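Novice: First, the structure itself, so that you have it in front of you.
The values are calculated or read from the model by the stated rules, or taken from the named source; none is laboratory data. What you see is a predicted model, and the numbers here were worked out from it, not measured in a lab. Ideal geometry is used to build each Cβ from the backbone, glycine not excepted, and the neighbour counts take in all protein chains shown. Please note that ligands, DNA and RNA were not included when accessible areas were found on the heavy atoms of the full protein model with its side chains. Shrake-Rupley method; radii C 1.70, N 1.55, O 1.52, S 1.80 Å.
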Amino acid sequence: YMTEDKFTLPNLPYGYAALEPFIDAKTMELHHTKHHQGYIDKLNAALEDHNEYYTVDITEILRDIQNIPDDIRQQVINNGGGHANHMLFWEIMAPKAGKEPEGELRAAIETKFGSFEDFQQEFNNAASTRFGSGWVWLVFNNGELEISSTPNQDSPYMQDYVPILGLDVWEHAYYLKYQNRRPEYIENWWNVVNWKKVAELFKANK
Ligand code: MN3
């Protein structure tokens, strides 16, 4: 194989300071260049003897995780999941993104959860009670919107869900600025949710 066939770290669609004051520049830089890069490096290493996977979309690999050989499956779950989860995370945030969804997505959220506020409350609750490291998601499950939560770097694609919004509640995502105040991080994170991108993913997957 050639090195350019391996998984690589995508650039962020904005600068490291762009999500200030809600997410600080240092956290963004470390999160992107150390944590996300680390998952990619370990994913590439895990697949070294199975390099045909280097050119497969990471979400497809996770959907078909049972096809990955036993001896490397957990490494691919951890690091392929880490790669896919962070790819989505960077995309569904943006500076000055505004706080609420509109149009068809908003209507679907209201139908499912009662109101946007009820949805946020349920999502916040799932995020603050996720024990240890993990993620909280808004997913499609068989065409239905649902709030879901995964431990570690487990990907919703492994459960046949399609995530359209995700929040990283690993301490590395917030500890520098918020220390142990995860609920404050969660509350502030809504200020940088890129609802336009979430609406695109909603339309593409509904
Ligand atoms: Mn992370």
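Novice: Which count do you get for residues in the range 119-140 that are acidic (Asp, Glu) and touching a Pro at 6+ places or on another chain (Cβ under 6 Å)?
Specialist: Result for the range 119-140: 0.
Novice: Scan the range 139-163 residue by residue and report those that are open to solvent by 30 Å² or more (accessible area, probe 1.4 Å), in contact with a helix residue (DSSP H, G or I) (Cβ under 7 Å, 6 or more places away or on another chain) and aromatic (Phe, Trp, Tyr).
Specialist: Once the filter is applied, which keeps residues that are open to solvent by 30 Å² or more (accessible area, probe 1.4 Å), in contact with a helix residue (DSSP H, G or I) (Cβ under 7 Å, 6 or more places away or on another chain) and aromatic (Phe, Trp, Tyr), the range 139-163 yields only Tyr157.
Novice: Would you check if there is a residue in the range 2-24 being farther than 30 Å from Phe119 by Cα, more than 14 Å from the ligand (Cβ to nearest atom), of a type in the set (Lys, Arg) and touching a helix residue (DSSP H, G or I) at 6+ places or on another chain (Cβ under 8 Å)?
Specialist: Yes, because at least one residue in the range 2-24 is farther than 30 Å from Phe119 by Cα, more than 14 Å from the ligand (Cβ to nearest atom), of a type in the set (Lys, Arg) and touching a helix residue (DSSP H, G or I) at 6+ places or on another chain (Cβ under 8 Å).
Novice: To continue, here is another question. Considering the range 74-117 alone, what residues qualify as being among the aromatic types (Phe, Trp, Tyr) and either on the phi > 0 side of the Ramachandran plot or away from the ligand (no atom under 16 Å from the Cβ) (or both)?
Specialist: Within the range 74-117, Phe113, Phe116 qualify.
Novice: A further question follows. Would a scan of the range 120-138 turn up a residue that is among the polar types (S, T, N, Q), closer than 17 Å to His35 by Cβ and open to solvent by 10 Å² or more (accessible area, probe 1.4 Å)?
Specialist: Yes, that holds for at least one residue.
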